[in-house]
Amino acid sequence: MLKELYTAALGMQTQQTRLEVISNNMANASSSGFKRASVFERNLIDARANFYNVPGQAEQNDPPSGSYYDFSNGAYDETGSQLDVAIDGKGFFVLQDEAGANYLTRSGHFKLSTDGTIEAMDGKMLMGESGPIRVAKEILESDGTSSPSSLNMKIDEHGDVAVNGSHVGTLKIASIANPNSLEQISNQNFIATDQTEMNFLPQEQISLRQGWIENSNVNIINEMVSMIELQRMYEAGSKVIQTNDSTLDYSIKLGKYY
């Protein structure tokens with residue numbers, strides 16, 4: 001009977017993980033470049049191995065589940081902004097923080113910093129083939145303002161960036177052979193791991209859309225349906241535990257020696 005309790009609890013932990021993942025998907029349904037996460041149960045051998053744990057020492061990592069990401073493209077929306085760029089096909093923008101760490105993202109919603117650097121909304125620099133994409137001070141001051149709306153910025157389909165007719169860099173687009181080897185460190189950013197096979201696309205293979213943004217690939221209706229199903233499964237597991245607990249309690253009472 002203790003095994004039945006443990007089996008039900010193990011199943012509930014897995015369903016709870018799946019509910020948390022779905023909740024995060026729904027919360028980021030409107031985040032540009034967000035990639036839907038999902039959970040799968042590992043094979044039965046892994047599940048069977050959990051029954052050899054010491055009784056009463058079920059660990060958080062015991063549930064036979066793991067997560068993966070759906071890297072299919074989201075829908076594209078035209079924004080008209082010069083600093084919005086969408087990747088049409090595979091690939092990732094490369095970002096870099098002040099410490100020199102690299103990040104990968106599909107979110108092409110950028111801004112222009114006061115020093116002319118093109119940045120993601122969280123301040124990470126957009127990287128080109130020769131370093132961060134930066135508009136020279138002379139170009140910024142040519143019309144007396146650094147407002148993006150006053151600059152004529154062109155990003156062609158192959159990644160060349162020009163401002164007021166002057167070339168300022170070429171975007172670096174990373175190609176990942178095994179995307180699910182990436183580690184997600186925020187809702188829109190990933191980092192490479194030791195298992196990641198990363199290359200950079202040659203210019204002729206890059207396909208970009210300036211003035212467009214890639215939305216999340218989350219289907220909110222499907223996520224809601226999945227959440228309802230999981231809640232029912234979780235409630236069923238809870239009922240199994242309550243029933244077995246009541247039966248065990250009754251058995252203990254019957255076995256008491258007076």
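Restrict the check to the range 228-243 and report whether at least one residue is surrounded by fewer than 18 Cβ atoms within 10 Å (Cβ to Cβ), part of a loop (DSSP other than H, G, I, E, B) and polar (S, T, N, Q).
No; the residues of the range 228-243 include none that is surrounded by fewer than 18 Cβ atoms within 10 Å (Cβ to Cβ), part of a loop (DSSP other than H, G, I, E, B) and polar (S, T, N, Q).
Regarding the range 7-22, can at least one residue be identified that is of a type in the set (A, V, I, L, M), modelled with pLDDT of 90 or more, more than 27 Å from Met198 (Cα to Cα) and not assigned by TED's automatic domain parsing to the domain that holds Glu138?
yes
Out of the residues in the range 156-181 meeting the condition of being of a type in the set (A, V, I, L, M) and over 18 Å from Lys90 (Cβ atoms), tell me which one is nearest to the chain's Cα centre (by Cα).
The selected residue is Val161.
Of the numbered conditions (1) in a loop (DSSP other than H, G, I, E, B); (2) closer than 17 Å to Glu119 by Cα; (3) touching a helix residue (DSSP H, G or I) at 6+ places or on another chain (Cβ under 9 Å), Ser186 satisfies every one except a single condition; which is it?
Of everything listed in (1) in a loop (DSSP other than H, G, I, E, B); (2) closer than 17 Å to Glu119 by Cα; (3) touching a helix residue (DSSP H, G or I) at 6+ places or on another chain (Cβ under 9 Å), Ser186 misses just condition (3).
Being of a type in the set (Asp, Glu) and crowded, with 20+ Cβ neighbours inside 10 Å narrows it down to one of Asp77, Asp70, Asp84, Asp115, so name that one.
Exactly one residue qualifies, and that residue is Asp84.
The values are calculated or read from the model by the stated rules, or taken from the named source; none is laboratory data. Source: prediction; values computed, not measured. Cβ sites come from the backbone with ideal geometry, for glycine too, and all protein chains shown count toward neighbours.
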